[in-house]
Every structure is written in C-alpha cells, then in structure tokens.
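Engineer: Structure in structure tokens, see below.
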Amino acid sequence: MTYFGNLMLFLGTVATVSLTGVMMPGPVTAITVTKGAQHKAAGVRIAVGHGMIELPVIALIYLGFARFLVIPEVKISVGLAGGVVLIWMAVYIFRTKPTFFSEQKKTSKNSVIAGLGTTAANPYFFLWWATVGVVLIANARMFGTMGIVALGVTHWLCDLAWLYFISWLVFRSKQLWTERVHRLVFGACAVVLAGFGSWFIFSSVSLAIAS
C-alpha cells in the first residue's frame, strides 16, 4: 500500500477511536446541551475551547511528556481542582432559571471558556491521552510531523462534528420543550457535572491516601 493509502487507513482508525471516546457522555457533553439551548453553533465554540487544551496536550505527548500526565501528584491536583470546578458549574446550572438558557445571548466567549474549562477539569481526559492517545501518537510518528498534525486535526474534527450535532439538535428541538422538560434536561446536566466532579474529588482523595 502507498504512503498516502497507509496514512488514510491510519486516520480512519483515529476517527473511529476518537468518535467512540467523544460520544461517551461526560462533562463536555453536558455543558454542550445547556449551551446548545442558547445557540445552535455552541458546540463549535465548545470544540474550539476543547481544542485549546487538547492540541497542546498532543504536542506535549509527542515531545515525550506523557509520563508527566500520570504522575500521582499531577493526577491528584487535576482531580481536586477539576472536581471543584465541575461542581461549581453544576450548582450554577441547577440554580439558573431555564428561560435564561433559552434567551438569545452572546454566547461565543462563554461557550469557548466552557469547553476549555470542562476539558481542563477532567483528569480522565489527560489519562485517555496518556494511554490510548500515546498509542495513536506512536503510530502517527511513522508518518512524521504530517502524521502528528493529521492525527490532531482528525481527532479534533470528530469532536467538532459531534459537539455541533448535539448543540444543533438541542437548539432545533428546544421549542418543543415545556418548562418541565427544560428543568429535567438541565437538572440532568447538572447531576452529570456534579457526579463527575464528586467522583474526581473522591478518586483524588483516595489516590492521595494510598500514595
């Protein structure tokens, strides 16, 4: 098979692995649902914020910093800080009236920050890249710098497509929601964020005790 053919085959694998990861419910998905009620393209902006963390992480792993991400002290610090941030977001969403999310507001900056914050607050995001991601990056090395760039772009485009689909679907369907549905949806998102936040804190404390 030609160089180009091998590269395309590799990127197909990257897309498959990436989609199985991004489609799993998590903090980024939860915040995308709430922001999608305000703007159909909120997912694009959240993906931009997500990429502001993810692409540098890919570059750092490529340069040999993967071991840093699994150092116990780093995992504990990220878990504790991330847990607090996610719980704060959960409380904010839970206490905010549903009508607030339905209003047309300038959400560009807020959505980017939300994507950046929920990504940086998730220690399992870093763990994924320090394990599964390392394997992908190791294979990308066979194609040189182009392979690493193609890996990053392909993975981010998968994030972009899925998050945009979520925000677009929420925005298009929100007009059919009653106030009770709004409260249920946003309440569920708050629970997801609080659940992940609590788990991150619990895991970090447990790791600190065991260390």
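The values are calculated or read from the model by the stated rules, or taken from the named source; none is laboratory data. These numbers were taken from a predicted model, which means no experiment stands behind them. Cβ sites come from the backbone with ideal geometry, for glycine too, and all protein chains shown count toward neighbours.
Engineer: Does the range 82-102 contain at least one residue that is in a helix (DSSP H, G or I), among the hydroxyl-bearing types (Ser, Thr, Tyr) and at pLDDT 90 or above? Quick ask: steps written out before the conclusion?
Structural biologist: Filtering the range 82-102 for residues in a helix (DSSP H, G or I) gives 82-95, 98-102.
From what is left, the residues that are among the hydroxyl-bearing types (Ser, Thr, Tyr) are 92, 99, 102.
Filter once more, so that each one left must be at pLDDT 90 or above: none.
Among the residues of the range 82-102, not one is in a helix (DSSP H, G or I), among the hydroxyl-bearing types (Ser, Thr, Tyr) and at pLDDT 90 or above, which makes the answer no.
Engineer: Against the definition (in contact (Cβ under 8 Å) with a residue 60 or more places away in the chain and within 28 Å of Ile58 (Cβ to Cβ)), how does Val134 come out, yes or no?
Structural biologist: On the way: in contact (Cβ under 8 Å) with a residue 60 or more places away in the chain: yes; within 28 Å of Ile58 (Cβ to Cβ): yes.
Considered against the rule, which asks whether it is in contact (Cβ under 8 Å) with a residue 60 or more places away in the chain and within 28 Å of Ile58 (Cβ to Cβ), Val134 comes out as yes.
Engineer: Separate question: Taking the stated definitions as given, is Leu116 of a type outside the set (Val, Ile, Thr), surrounded by 14 or more Cβ atoms within 10 Å (Cβ to Cβ) and either farther than 13 Å from Tyr62 by Cα or touching a Lys or Arg at 6+ places or on another chain (Cβ under 7 Å) (or both)? It would help to see each step written out before you state the result.
Structural biologist: Values: of a type outside the set (Val, Ile, Thr): yes; surrounded by 14 or more Cβ atoms within 10 Å (Cβ to Cβ): yes; either farther than 13 Å from Tyr62 by Cα or touching a Lys or Arg at 6+ places or on another chain (Cβ under 7 Å) (or both): yes.
In short, yes.
Engineer: With the range 1-76 as the region, which helices (runs of 4 or more DSSP H) entirely inside it contain at least 3 residues that are touching a residue at least 40 places away in the same chain (Cβ under 8 Å) and of a type in the set (A, V, I, L, M)?
Structural biologist: 3-22, 27-36, 42-62
Engineer: Residue by residue through the range 58-96, note down the ones that are in contact with a Ser or Thr (Cβ under 9 Å, 6 or more places away or on another chain), among the β-branched types (Val, Ile, Thr) and closer than 15 Å to Thr119 by Cα.
Structural biologist: Hits for the range 58-96 are Val78, Val85, Ile87.
Engineer: A further question on this structure: Restricting attention to the range 137-176, report how many residues are touching a Lys or Arg at 6+ places or on another chain (Cβ under 8 Å), farther than 21 Å from Arg45 by Cα and crowded, with 20+ Cβ neighbours inside 10 Å.
Structural biologist: 1
Engineer: Which condition number in (1) buried (at least 19 other Cβ atoms within 10 Å of the Cβ); (2) within 30 Å of Met89 (Cα to Cα); (3) aliphatic (A, V, I, L, M) is the one that Val14 fails?
Structural biologist: Val14 satisfies all of (1) buried (at least 19 other Cβ atoms within 10 Å of the Cβ); (2) within 30 Å of Met89 (Cα to Cα); (3) aliphatic (A, V, I, L, M) except (2).
Engineer: Let me spell it out: the conditions are (1) under 15 Å from Ala59 (Cα atoms); (2) more than 19 Å from the chain's Cα centre (by Cα); (3) surrounded by 14 or more Cβ atoms within 10 Å (Cβ to Cβ); (4) hydrophobic (A, V, I, L, M, F, W, C), and Val205 meets all of them except one. Which number is the exception?
Structural biologist: Of (1) under 15 Å from Ala59 (Cα atoms); (2) more than 19 Å from the chain's Cα centre (by Cα); (3) surrounded by 14 or more Cβ atoms within 10 Å (Cβ to Cβ); (4) hydrophobic (A, V, I, L, M, F, W, C), only one is false for Val205: (1).
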